[in-house]
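For reference, the structure is listed below as structure tokens.
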Amino acid sequence: MSRMIVALGGGNEVGRSCYDYGEFLIDAGLKLDEKRGGRIYTPTMPRGEKLFMALTHGHLDHVGYVVNVAREQPRMRIFATEVTKELIELQLYDSLKIAVEQREKNECRGLPAQPLMYEKEEIGVLLGRIEAVKDEGWFKPAPGYQMSFRGAGHIPGAAIVLVVTSYGSHIVHACDVSFDDQAFVKAARVPEDFLNPDLLVVESTHGALSAPLPARKDAEARLISVAKRVWARNGKLLIPQFATSGPQIIDPLVKAGFPIVLDGAMRDCMWTYQNAQHWCEGDVNIESPMPIYLGKDEENEGFQRSDSDFRRALMRWPGACVVACTSGMMEAGLSVLYAEEWLADSNNAIIFTGYLAEESTGRKISQIQKGGAVTFHHARLDRRTGKIEEWDVPVEINAEVYSIRLSGHSDSWKMVREFIEPLNPKCVVTVHGAPDAHIGMGEHIRNALPKAEIARALNNEPIEF
């Protein structure tokens, strides 16, 4: 049998990850372009009947298209850790809500109605099909196949996938991975029982960096240092983040004694992490004090949506405070509302800790000179009149702006040194990165393993191994 991998998405890009190995798939995500009215980019639909699918973790760019793929593959088995399964549920319901709102806005503007990618009922059907992987042991996903999930160190529930195929090939799929200990998960490890595989598929997210990322402990210390300075002058600190990554970012501040307000979808993810069953040795018990949740219901388990009046009061709170909320790139979401109130005040600060797309508002703020301005655009549907209200809010940036790298992805130096070189694969395919990131990662791998075959994935172009 021909040994081949095709990146149906997530090859020469970050987003819509979906990888076709012939008889099985790994991941099915999407890519959201908030700059273009929430336009969604999806991977190519897989061809042919698949035996099984493995879902590596709960980020939308890896699981946002799963409902659609599963619909076309009614007999395909689907595997994920229990934490990933819960994050998929949160992400898909939230995405559907946003899609419905966007469709209503487009209809009011006289634009063609965009069909929804899936219906609410289909999410329940998908969740019923996902089989939970309980530990790092080996199991049979299909006749003739063996598979094992190993801790990826990226976010809780994230996995590196090991596969022994029916035709004898040994495959390691490692996207997304981190080799630094984080608040809730320890660093990924080399699978000592699976050395010298035929194929390693690995992310190249940080392959284009000119220097290694700072040590995570040093970055966390800097985060705490900034928070202390802002708190001492009675300022407000805003930390825009992604829902699934945010809880790990703010945990060092919670441990340092800061009362953190956790707002938006980040609360739901934190609730999942605090109550999830451990599935691998890399999981870390969450023993630090609880962050503050907006909208907490003392009489019931779980958390309600925040009351808008309470949130507005917090925005005008006269004392010091720290707020972490979505969205991380500040194209929309609660981080924009807080920023409009706080960024003009020099006592305040904003910290970016993760990836910021080139054209995102977050990237603009991170690069702007003090005293410069940024404009936030808003559009809201008035359901009483059926009309769209649109307005701009210009904000002068007098607050301190920091970029502190606390990435859930390892850089190419650490990845090659601590994972790829000791794993010693015969063939390496780089995915999940911009073209220059592929080039950089390839050079690092070639220097460490001059005998290995190295290929960079381009979407929809098969690679033999």
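The values are calculated or read from the model by the stated rules, or taken from the named source; none is laboratory data. All values reported here derive from a predicted model rather than from experimental measurement. Cβ atoms come from the backbone with ideal geometry, glycine included; neighbour counts cover every protein chain shown.
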Flagged in region 139-172 as among the aromatic types (Phe, Trp, Tyr) and within 26 Å of the chain's Cα centre (by Cα), in numbering order, are Phe149
Some residue of region 84-103 being buried (at least 24 other Cβ atoms within 10 Å of the Cβ), under 30 Å from Phe465 (Cα atoms) and polar (S, T, N, Q) | yes
Criterion: more than 23 Å from Ala379 (Cα to Cα) and of a type outside the set (A, V, I, L, M) - qualifying residue of Asn106, Asn68 | Asn68
Within the group Arg216, Arg267, which residue is touching a residue at least 60 places away in the same chain (Cβ under 8 Å), basic (Lys, Arg) and either touching a Pro at 6+ places or on another chain (Cβ under 8 Å) or buried (at least 18 other Cβ atoms within 10 Å of the Cβ) (or both)?
-> Arg216
Pairs, please: C-beta under 6 Å, at least 6 apart or cross-chain, first residue over 13 Å from Thr165 (Cβ atoms) and in region 17-29, second buried (at least 24 other Cβ atoms within 10 Å of the Cβ) and polar (S, T, N, Q)?
-> Asp27/Ser17; Asp27/Thr56; Gly29/Ser17
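Condition check ((1) under 23 Å from Gln146 (Cβ atoms); (2) outside any loop (DSSP other than H, G, I, E, B); (3) among the hydrophobic types (A, V, I, L, M, F, W, C)) across all residues:
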| position | (1), (2), (3) |
| --- | --- |
| Lys50 | yes, no, no |
| Val67 | no, yes, yes |
| Phe79 | yes, yes, yes |
| Ile88 | no, yes, yes |
| Tyr93 | no, yes, no |
Those residues of region 325-374 that are of a type in the set (Gly, Ala, Ser), crowded, with 21+ Cβ neighbours inside 10 Å and farther than 27 Å from Arg39 by Cα come to a total of 1
Selection from region 9-68 of residues that are of a type in the set (Lys, Arg) and within 26 Å of Glu464 (Cα to Cα) | Arg16, Arg47, Lys50
Among the residues of region 198-211, is there at least one that is modelled with pLDDT of 95 or more and either in a helix (DSSP H, G or I) or more than 23 Å from the chain's Cα centre (by Cα) (or both)?
-> yes
Which condition breaks for Cys108 when tested against (1) over 23 Å from Arg16 (Cα atoms); (2) in contact with a helix residue (DSSP H, G or I) (Cβ under 7 Å, 6 or more places away or on another chain); (3) surrounded by fewer than 18 Cβ atoms within 10 Å (Cβ to Cβ)?
-> (2)
Could you say which residue among Leu199, Leu195 is buried (at least 18 other Cβ atoms within 10 Å of the Cβ) and over 19 Å from Ile286 (Cα atoms)?
-> Leu199
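Residue by residue, here is whether (1) at pLDDT 95 or above; (2) part of a loop (DSSP other than H, G, I, E, B); (3) under 23 Å from Ala219 (Cα atoms) holds:
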{"position": "Met329", "(1), (2), (3)": "no, yes, yes"}
{"position": "Ser335", "(1), (2), (3)": "no, no, yes"}
{"position": "Asn347", "(1), (2), (3)": "yes, yes, yes"}
{"position": "Glu358", "(1), (2), (3)": "no, yes, yes"}
{"position": "Gly362", "(1), (2), (3)": "no, no, yes"}
Please tell me if Val163 is modelled with pLDDT of 95 or more and in contact with an Asp or Glu (Cβ under 8 Å, 6 or more places away or on another chain).
-> no
List, please: which pairs have Cβ atoms under 9 Å, are six or more places apart or on different chains, and start with a residue in region 357-377 that is within 15 Å of Trp342 (Cβ to Cβ) and in contact (Cβ under 8 Å) with a residue 60 or more places away in the chain and end with one that is hydroxyl-bearing (Ser, Thr, Tyr) and part of a loop (DSSP other than H, G, I, E, B)?
-> Gly362/Ser327
From Ala54, Ala113, grab the single residue that is out of contact with any Gly (no Cβ under 8 Å at 6 or more places or on another chain), of a type in the set (Gly, Ala, Ser) and either without any contact (Cβ under 8 Å) to a residue 24 or more places away in the chain or within 29 Å of Ala379 (Cα to Cα) (or both).
-> Ala113
Can you tell me which of Lys140, Lys134 is without any contact (Cβ under 8 Å) to a residue 24 or more places away in the chain and of a type in the set (D, E, K, R)?
-> Lys140
Test: residue in region 199-206 that is without any contact (Cβ under 8 Å) to a residue 40 or more places away in the chain and out of contact with any Cys (no Cβ under 7 Å at 6 or more places or on another chain) | no
